[in-house]
Amino acid sequence: MLAAIARAHGSSPAQIALAWLLARSPVVLPIPGTSSVEHLEQNWDVRRIALTPGEVAAISGTSRR
């Protein structure tokens, strides 16, 4: 599921996971580790990913089909 949502956003599954954490609550602040400048930039780009409520629910495992 993460892979499909990632493809839809032109992102990686890891970026979608971070975007999901950010979408869950305005008081959640994930602190991902980085191993390179490229990884840092990928993490920073997460702020531009706007998941739909349906995507958030699907990732949370609460989507209704």
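The values are calculated or read from the model by the stated rules, or taken from the named source; none is laboratory data. Since this is a predicted model, take the numbers as computed values, not measurements. No Cβ is skipped: glycine too gets one built from the backbone with ideal geometry, and neighbour counts run over all protein chains shown. These accessible areas exclude ligands, DNA and RNA; they are computed on the full protein's heavy atoms, side chains included. Shrake-Rupley method; radii C 1.70, N 1.55, O 1.52, S 1.80 Å.
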Self-check item: Hits in segment 1-22 - residues which are surrounded by 13 or more Cβ atoms within 10 Å (Cβ to Cβ) and small (Gly, Ala, Ser)
Solution: 6, 11, 12, 14, 17, 19
Quiz item: Does any residue of segment 4-11 turn out to be on the phi > 0 side of the Ramachandran plot, under 12 Å from the mean Cα position of the chain (by Cα) and modelled with pLDDT of 90 or more?
Solution: yes
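When you look at residue 20, is it in contact with a helix residue (DSSP H, G or I) (Cβ under 6 Å, 6 or more places away or on another chain) and part of a helix (DSSP H, G or I), yes or no? Reasoning before the result, please.
On the way: in contact with a helix residue (DSSP H, G or I) (Cβ under 6 Å, 6 or more places away or on another chain): yes; part of a helix (DSSP H, G or I): yes.
Yes.
Say we look at segment 23-65 and pick out the residues that are hydroxyl-bearing (Ser, Thr, Tyr) and outside any helix (DSSP H, G or I); which of these is most open to solvent (accessible area, probe 1.4 Å)? Steps first, answer last, please.
Keep residues of segment 23-65 that are hydroxyl-bearing (Ser, Thr, Tyr), which gives 25, 34-36, 52, 60, 62-63.
Subset that is outside any helix (DSSP H, G or I): 25, 34-36, 52, 62-63.
Details: 25: 31, 34: 72, 35: 108, 36: 55, 52: 65, 62: 90, 63: 44 Å².
For segment 23-65, the residue satisfying everything is 35.
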